[in-house]
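Input: a single structure, listed below in structure tokens.
The values are calculated or read from the model by the stated rules, or taken from the named source; none is laboratory data. Model, not experiment: these values are computed from the prediction. Cβ sites come from the backbone with ideal geometry, for glycine too, and all protein chains shown count toward neighbours. Keep in mind that these areas ignore ligands, DNA and RNA; they rest on the heavy atoms of the full protein, side chains included. Shrake-Rupley method; radii C 1.70, N 1.55, O 1.52, S 1.80 Å.
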Amino acid sequence: HQLPEKILMILFSLLMVMVAWRMLRRERKDEGPSDHGHANWGQKNCMLDQQTGRFSWTAKCTATLAALGAVTGVVSGLLGVGGGFLIVPAFKQLTDVQMRGIIATSLMVISLISAIGVIGAFQAGVRIDSLGASFIVASIVGMIIGRKLCAHVPARALQVGFASVCIVIAAYMLFRAGV
């Protein structure tokens, strides 16, 4: 609430450009494990204990996850985004958690942030009118259709499509901000 809307629009646009760039960039095959969950000790900041399947809470792991949580929280509070945009690539880079665990973690964080945002909005007196309810229902229907269609569309096409939408929206927001 302290920053001008123009600054927030510019920051959000830059985040969208960064996300689009990461999606359009082909992933390099680095030396080491190709499947998360099977890294050797020392290759990642946070490693899973093979016997328990839980993190081995070293000082390095604790500091890494605390920093990631803080950055995600600040970006989420400032721009209203962060869960999937930040957590998925950071967890992929910094931990040996398998992708399904990364996605589950991201979805949990998004759910918590969303719930806190909705509760805060309701406490501030925001009410959902019929137009808002229509948007919510249409979003849910769209998600269901999207889940059915995604099995028939190549993953790279989805990445390029989403990155393209991010770039167009970022350019529009920068234009609206007068940049």
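Tabulated data
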| read-out | value |
| --- | --- |
| Whole-percent carbon and sulfur share, accessible surface of the chain, 1.4 Å | 67 |
| Label-to-label distance, nm, for residues given as Phe162 and Val179 (7 Å Cα→Cβ offset) | 2.2 |
| Förster-model FRET efficiency, 30 Å R0, Ser130 and Gln2, C-beta, rounded to 0.05 | 0.35 |
| Protection proxy ranking, peptides 135-141, 146-152, average beta carbon neighbours within 10 Å, highest first | 135-141, 146-152 |
| Tail fraction, Cα-Cα pairs, the chain, threshold 20 Å, whole percent | 66 |
| Accessible area in square angstrom per residue, the chain, 1.4 angstrom probe | 70 |
| Acute angle (nearest 10 degrees) that the helix 130-150 long axis makes with the longest principal axis of the chain, alpha-carbon atoms | 40 |
| Relative packing of peptides 123-130, 45-52 - highest average C-beta neighbours within 10 Å first | 45-52, 123-130 |
| Mean-position separation - Cα centroids, the stretch 95-132 and the stretch 154-170, in angstrom | 23 |
| Spatially near lysine pairs across the chain, Cα under 24 Å, sequence gap of 8 or more or different chains | 5 |
| Cα point-scatterer Debye curve for the stretch 106-158, base-10 log of I(q)/I(0) at q = 0.19, 0.22, 0.26 Å⁻¹ | -0.87, -0.97, -1.04 |
| Cα-based helix-to-principal-axis angle, 99-123 vs the chain, degrees rounded to 10 | 30 |
